[in-house]
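A.B. asks: Dropping a structure here in structure tokens format, bear with me for questions.
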Amino acid sequence: MSMYVDIGDETLWNPSNGAGRLFVRQIEVFEAELELPSGIGHKHQGDPDTLEIDPVVFAEFARGLVAWHCRTAHSVILALSEGFVATAVALARRAGIEVEMPPPGIGPVAGGVQTDVQVPGNPRTASAAVLTALDTRAREMDRWMSR
């Protein structure tokens, strides 16, 4: 068995049920964290195996997700979020949604207040390294995600 993640009539991803269920649960976590809807929902009421992407809503979510991920300087948060963010970026790219990586140098205090301070300090403070890792991971995910 498998799931389908569609945009219109095109299937962007055909994950196994286990990977699909995990992805759906992570969507809920990141929607709450970002306070943004993802634009990903069940295509048909009662059909848990087919998800539909609203491209306008998902574009905003994916861009917000990347900006959020790249602003953090917390190694554990980066590690916990990288796989989901990379998957979302790969889906966005497949959907023709441009998700720009923020320029290096946008630090963890963008917007004024720094939260989730890590003690001791973060060994991965270079935002360029975070951007490179995310882009590399998204390209890997695209190769691994069956259609």
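The values are calculated or read from the model by the stated rules, or taken from the named source; none is laboratory data. Note that the coordinates shown come from a computational prediction; the quantities given were computed from them, not determined experimentally. In this analysis, Cβ positions are derived from the backbone assuming ideal geometry, glycine residues included, and neighbour counts consider all displayed protein chains.
A.B. asks: For the list (1) surrounded by fewer than 19 Cβ atoms within 10 Å (Cβ to Cβ); (2) part of a helix (DSSP H, G or I), I need the number of the one condition that residue 41 fails.
C.D. replies: Every listed condition holds for residue 41 apart from (2).
For every residue, the table says whether it meets (1) at positive phi; (2) in contact with a strand residue (DSSP E or B) (Cβ under 8 Å, 6 or more places away or on another chain); (3) not in a helix (DSSP H, G or I).
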| site | (1), (2), (3) |
| --- | --- |
| 36 | no, no, yes |
| 51 | no, yes, yes |
| 58 | no, yes, no |
| 68 | no, no, no |
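A.B. asks: Related question: With respect to residue 73, is the statement that it is at pLDDT below 95, aliphatic (A, V, I, L, M) and outside any helix (DSSP H, G or I) true?
C.D. replies: Against the criterion (at pLDDT below 95, aliphatic (A, V, I, L, M) and outside any helix (DSSP H, G or I)), residue 73 qualifies.
A.B. asks: When the residues of region 12-31 are narrowed to those that are among the β-branched types (Val, Ile, Thr) and surrounded by 15 or more Cβ atoms within 10 Å (Cβ to Cβ), which ends up nearest to residue 48 (Cα to Cα)?
C.D. replies: Taking the candidates together, the pick is 24.
A.B. asks: Within 15 Å of residue 96 (Cβ to Cβ) and either crowded, with 16+ Cβ neighbours inside 10 Å or modelled with pLDDT under 95 (or both), is that true of residue 59?
C.D. replies: Yes; evaluated as a whole, the condition is true for this residue.
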